[in-house]
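Reading through the structure tokens given below for one structure.
Just so you know, all these numbers are worked out from the coordinates, no wet-lab data involved. In this text, all values refer to a predicted model and were calculated from it rather than measured experimentally. Because the Cβ atoms are built from the backbone with ideal geometry, glycine has one as well, and the counts that use them run over all protein chains shown.
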Amino acid sequence: MSGFFARGRLFDLEESDQERLNAAAVRLRDAGLDNARGEAQMLWASVFATDGRDRGAALQEFDHRVGQRAARMPMSHILGGRDFFAHRFAVTADVLDPRPETETLVSLALERPWTRVLDLGTGSGAIVISLLAARAGASGMGTDLSQGALEIAAQNARQIGVADRLALRQGAWFDAVPGDAVFDLIVSNPPYISSDEMSRLAPELSFEPRMALTDEGDGLSAYRAICARAAAHLSAGAPLMVEIGHSQGAAVAALFDAAGFRAVRVLPDLDGRDRVVTGDAP
């Protein structure tokens, strides 16, 4: 008998289980996945973590999940969630899969004083919910064009315990924000992949909402829309913070400058790549 550790426990494997796991790892490797063995173990653990399941049904479910991953469905869609910052978020095909590099935006926002935050294009709500969960007494608003995304964000807000402090509104960027609403922090992780880049992306991204990935143009149109109206919804000196693609720092910083933002900076993620542009409202 052999086994492996996952989810804080040891999963014992009979010889037939080990053979099944080995075959799954080969299938995932042939599908182009680098960590095929680790992903096969993760899928096994996701099925067998619940004690008392019918073994035959569990093995069928494992094979099904391996097939989904071999088709390059994101692991978060198969498992139904993704760990981000300090919490686990429900994830479906209606929302962008929260990524570790986006935690940089959350960390930088928590370095600033604020009590009312606006998240434009909130998706799963990972950014604004993480911020509210880390700052008791703060309140926020999240906007998104997708009703499906807002339903997932609402589910996550309830699960993490901030639903009473978060308003969710449907609409494009500031169109969903009341005209007299003023915040002391605005954050956004907008679609920033250019149309030319889309064909070169990992297969997993085909399972995510296209409108959350690309503006179908040069990758900068969302920043233009945000910069044009952000100052009207920020208190004086309050920050606007946006995630960017690693090559967009200079272009997005120029948009901040043109809109009158002060102390504009381009900041890196933990891998040293440009990740966030921040500036203070005039």
Looking at the stretch 1-50, which chymotrypsin sites (Phe, Trp or Tyr not before Pro) are DSSP coil and have at most 11 other C-beta atoms within 10 Å of their C-beta? none
For every other residue with a beta carbon closer than 11 angstrom to the beta carbon of Phe183, add +1 if it is Lys or Arg and -1 if Asp or Glu, then tell me the sum. -1
Starting from the stretch 9-78, pick out the GluC sites (Glu not before Pro) whose DSSP state is loop and whose Cβ has at most 16 other Cβ atoms within 10 Å. Glu14
Jot down the radius of gyration and Dmax of the chain, Cα atoms only, both in angstrom. 20.8, 67
GNM of the chain, Cα pairs under 10 angstrom: of Leu131, Leu201, Leu79, the biggest fluctuation goes to Leu201
Classified through the alpha carbon gyration tensor (a ≥ b ≥ c as square roots of its eigenvalues; rounded if a/c is under 1.5, else prolate when a/b is larger than b/c, else oblate), the stretch 2-71 comes out prolate
Could you pull out the GluC sites (Glu not before Pro) across the stretch 197-256 that fall in loop regions by DSSP (anything but H, G, I, E, B) with no more than 16 other Cβ atoms inside 10 Å? Glu197, Glu216
For the chain, what does the relative contact order come out to in percent, with C-alpha contacts under 8 Å and a separation of six or more? 13 percent
Highest GNM mean-square fluctuation, the chain, Cα pairs closer than 10 Å: which of His64, His87, His233? His64
Please arrange Leu10, Leu240 by how many other C-beta atoms lie within 10 Å of their C-beta, fewest to most. Leu10, Leu240
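How big, in percent, is the set of alpha carbon pairs in the stretch 155-282 lying more than 20 Å apart?
The proportion of pairs with Cα distances above 20 Å equals 51 percent.
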If I stretch the segment between Asp34 and Asp271 completely, what's the gain in nm (0.36 nm per residue apart, minus their alpha carbon distance), one decimal? 83.4 nm
C-alpha center-to-center spacing [the stretch 208-282, the stretch 28-89] in angstrom: 35 Å
